[in-house]
1. Taking amide H positions as placed 1.01 Å from N in the peptide plane, with prolines and chain starts having none, which residues 5 or more places from residue 199, or on another chain, fall under 5 Å of its amide H?
2. If one takes the longest principal axis of the Cα atoms in the chain, at what angle in degrees, from 0 to 90 and to the nearest 10, does the Cα axis of helix 33-43 lie?
3. Please list 3J(HN,Hα) in residue order for segment 329-340, calculated via the Karplus relation 6.51 cos²θ - 1.76 cosθ + 1.60 where θ = phi - 60°; whole Hz, with x for glycine and proline.
4. Pairing the Cα long axis of helix 45-66 with the longest principal axis of the chain, what angle in degrees results, from 0 to 90 and rounded to the nearest 10?
5. For residue 77, what is the net charge nearby, where nearby means another residue's Cβ is under 15 Å from its Cβ and Lys, Arg count +1, Asp, Glu -1?
6. What residues have an amide H closer than 5 Å to that of residue 248, excluding those fewer than 5 places away on the same chain, when H is modeled at 1.01 Å from N in the peptide plane?
7. So what J values fall out for segment 429-435 if you push phi through Karplus, 6.51 cos²θ - 1.76 cosθ + 1.60 with θ = phi - 60°, rounded to Hz, Gly and Pro as x?
8. Tell me which trypsin sites (Lys or Arg not before Pro) from segment 272-318 have a DSSP coil assignment and no more than 15 other beta carbons within 10 Å of their own.
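Taken together, the values in this text are just the output of simple stated rules run on the coordinates, not laboratory data. This structure is a prediction, so every number in the text was calculated from the model and none was measured. Every residue, glycine among them, receives a Cβ derived from its backbone with ideal geometry; neighbour counts consider all protein chains shown.
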Amino acid sequence: MKRRVSLSVTGALIVGLAPLTATPVAAQERLTLGQAARLAAEQSGGVAVARVRVAQSEARALQRRGALIPDLAAGVAQSERTLNSATFGFSFANPVTGQPLLRPDGELIGPVPTVDLRYRVQAPLLDLGRYASWRAAQSVTGAASADVDVQADAAAALAAAVYVRAARADAQVSARQADSTLAADLLRIARDQLAAGVGIALDVTRAQSQLAAIRAQLLVARNERDRTLLELKRATGLPLDRAIMLQDSLAGRQREDGGQLRATTSDETRLTAAVREALSGRADLRALAAQERAQRDAARAIRWERTPQLGLVVDHGVLGRNWERLLPTYSWGVQLSVGLFDGFRREARLEEQVALARETDTRLRDLREQSALEVRASLLDLTSAAEQLDAVQERLALAELEVQQARDRFQAGVAGNADVISALLSLNQARTLRNDALAAYQQARITQARAMGRIRQLQ
């Protein structure tokens, strides 16, 4: 009897918090690699914090804009006051007798009641410094918005990497289950041969030992699968008690675009185009460029503080000793002010902002060079991972053939099961290497998508 063990990993094993507990279909969360990346980009903690920072920046920009809008205030006051004539600093004299009208050592006057109703308008007519400060605050808001995309890409890349780890752990469970099935079959054959008098007890012991070892590996694989699924739920923001189903397998897209990528790595023109696309599409480059613009706008706002400020003040109301007789009163004026000297504080602030902008510009140039390197390296790694996967799959096919031939000899009674155990160990290792190679290939896909700025477009 021949048995062919399938090595394809479907990735459709349903798992929850308990390794062996069945979960109702309605409670499952079906999740693909691309969905995990986009889910993390939408609701991870880092993205939520970045969005709150955008709201804070928008509020600060609104405060700067408020400085350009007229202020309006109104007030009502009713009071009484007394005065000491000695505090006037002068005295009133009778023009006829020359005698002082008030006592020279002071005399209490009042109380004098007062009713005062008025409003006050203060408006900047021309203030280029405040206008530039508002524009700089808007640039900061743009930089904060760009940082949301940076955090989203980072969260998506992390979730995709954890998804691949979970898929690898799932594939390991499937591989160990296949090993267990084969080891149990060999143990059954050894026991049948021993019962028929054509086998030896040593073959049964070897088969039992191998089955126990594989079962131990299966327990470890199940624990690793459950742990990585918990990490995946945390990375994507899903509740930890929700069961999920991995829709994508490690081998799901291993040949989807391999030919095109290999051509890209050997075609300098297309590789240059890929680098150009990455430089225009990566969120971290856009965020750093927006940060540099915000710093330069802040420096420009400091320079505009040197310009004159023109403002209008209007104060209008009614005033009297009682509510029955209130007389109108007002004051208005236009004020022009120029800051002449502030102890070089403005110049120091300007130098600080210019230095920050130069630092950011240096970081931006370095990040562009690093991005170009990452694009080229990721394409090379992807091609190398595909080639390594070909080699591992060839080794796996040979290991399967070796197990089948050794099993046929053992079942025919022309050899003991030592060769079968050795071949099974080799097949066990080959399956693990294949899972590792598939995981490395999928990780290379993720790295390439991250380098190109397309991590949230993963399928």
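1. Sorted by chain and number, the residues that satisfy this are 194.
2. Taking Cα atoms only, the helix is inclined about 20 degrees.
3. Once rounded to whole Hz, the list reads 9, 7, 8, 8, x, 10, 10, 10, 10, 9, x, 8.
4. 20
5. The answer is +1.
6. 33
7. Taking θ as phi minus 60°, the curve returns 5, 5, 5, 4, 5, 5, 4 Hz for segment 429-435.
8. 306
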